[in-house]
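What follows draws every value from the coordinates through simple rules; no lab data is involved. These figures come from a predicted structure and were not determined experimentally. Glycine gets a Cβ as well: all are built from the backbone with ideal geometry, and neighbour counts include every protein chain shown.
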């Protein structure tokens, strides 16, 4: 039995300790925003925050997540930075198929929380670990820049 703190709620699940957090979130807790992409932490589709930092759930065992605060894309509705990033995503028309977008947003939120005014190079470096098969990279960068500007102005 593992106790996970997900989006501010304690959740008990009976799964093997070595089960990837991705499957615990999706299959056991119904948090389907994080996606399976590559299974080896290269694409970023499964990204969530653990104690505020982006992590890849496809390689993070449940045992490593127990006792830590996990925030999924579903939890971004209660996060000011998450709200601003999602708004910028919509205004920049980032999503095409949408499969990678939760991971992209979680990575962008992590960047903006650690580096509130990132340079273009910092955005490029932070987002480079997230793959978008549709190729919306210019819109992703524009959305991150817009969100940073909105946050700097105290915007919502």
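Please report, in whole Å³, the volume per residue of the convex hull around the C-alpha atoms of segment 90-147. All intermediate terms of the calculation are to be shown ahead of the outcome.
Working: hull volume 4.0 nm³, N = 58.
Dividing the Cα hull volume of segment 90-147 by its residue count gives 70 Å³.
If you build the Cα gyration tensor of segment 54-117 and take the root of 5 times each eigenvalue, what three semi-axes come out, in whole angstrom, biggest first?
Values: eigenvalues 99, 41, 21 Å².
Equivalent ellipsoid semi-axes, largest first: 22, 14, 10 Å.
Provide Rg over Rh for the chain; use the alpha carbon set for both Rg and the Kirkwood Rh (inverse mean inverse pair distance). Please list the in-between numbers first.
Details: Rg = 15.0 Å, Rh = 15.5 Å.
Over the Cα atoms of the chain, Rg/Rh equals 0.97.
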Original post:
Using 19 Å as the cut-off for backbone N distance, which residues of segment 85-114 belong to the label zone defined by a point 7 Å from the Cα of residue 124 along Cα→Cβ?
Top reply: 108, 111-112
Original post:
Taking the Cα atoms of segment 1-69, what is the range of coordinates along each of the three principal axes, in descending order and whole Å?
Top reply: 28, 24, 19
Original post:
Given the rule -39500 (n - 2.57) for each run of at least 4 DSSP H residues, summed and divided by the residues of the chain, what is its mean residue ellipticity at 222 nm, to the nearest 500 deg cm²/dmol?
Top reply: -10500 deg cm²/dmol
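Can you tell me the relative contact order of the chain? Whole percent, Cα pairs under 8 Å, sequence separation 6 or more. Could you put the intermediate results ahead of the total?
On the way: 274 pairs, mean separation 36.9, N = 156.
Result for the chain is 24 percent.
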